[in-house]
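Quick notes on the structure that follows.
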Amino acid sequence: METHVKVLGLLQIILGALGILVALFVMLMFGGVAGFVAAAGEEGSEIAVPIISLVGAFAVTFILILSIPGIFVGFGLLKFRPWARVFGIIMSILLIIHFPLGTIVGVYGLWVLLTGETEKLFAAKAGI
């Protein structure tokens, strides 16, 4: 089961890094759209540009809030930190809604982290 925990940790890190890349892409996309709208100088663009920027900032923040904790959890799982098991379960539940890749990793994470053998493994690594 130790190998499964390490694989899950790496998957969490990879998905978190992919999330950060998506956030950067969304930021560039919304920034570009806002720039084009502002450069067009059409009527109403002074209202549209702040709205586009606000929506983009919200989307980027939301993606980062979901991605960055996954990286921390991944490193914690690789080091068998007891807190990482608890947060790994929470992250796995959140990943289930990200169909299809997140669903696969989320279900795998729940299977790995909710197994009794894994609980004993984390307790042994923590010295409890």
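The values are calculated or read from the model by the stated rules, or taken from the named source; none is laboratory data. None of the values given here were measured: they were computed from a predicted structure. Cβ placement follows ideal geometry from the backbone for every residue including glycine, while neighbour counts extend to all protein chains displayed.
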Original post:
So, of the residues in region 1-35 that are of a type in the set (Val, Ile, Thr) and farther than 30 Å from Leu121 by Cα, which turns out to be modelled with the lowest pLDDT?
Top reply: Val33
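What are the residues in region 29-54 that are exposed (fewer than 14 other Cβ atoms within 10 Å of the Cβ) and closer than 28 Å to Gly106 by Cβ, if any?
Result: Met29, single match.
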Subject >> Single residue of region 87-128 satisfying the filter (of a type in the set (Val, Ile, Thr) and touching a residue at least 60 places away in the same chain (Cβ under 8 Å)) that is surrounded by the most Cβ atoms within 10 Å (Cβ to Cβ) >> reply: Val112
Original post:
Looking at region 1-26, which of its residues are surrounded by fewer than 18 Cβ atoms within 10 Å (Cβ to Cβ), closer than 15 Å to Ala84 by Cβ and of a type in the set (A, V, I, L, M)?
Top reply: Met1, Val7, Leu10
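Show me the helices (runs of 4 or more DSSP H) entirely contained within region 36-128 in which 1 or more residues are closer than 19 Å to Ile20 by Cβ, at pLDDT 90 or above and of a type in the set (A, V, I, L, M).
Ranges flagged: 45-78, 82-95, 101-113.
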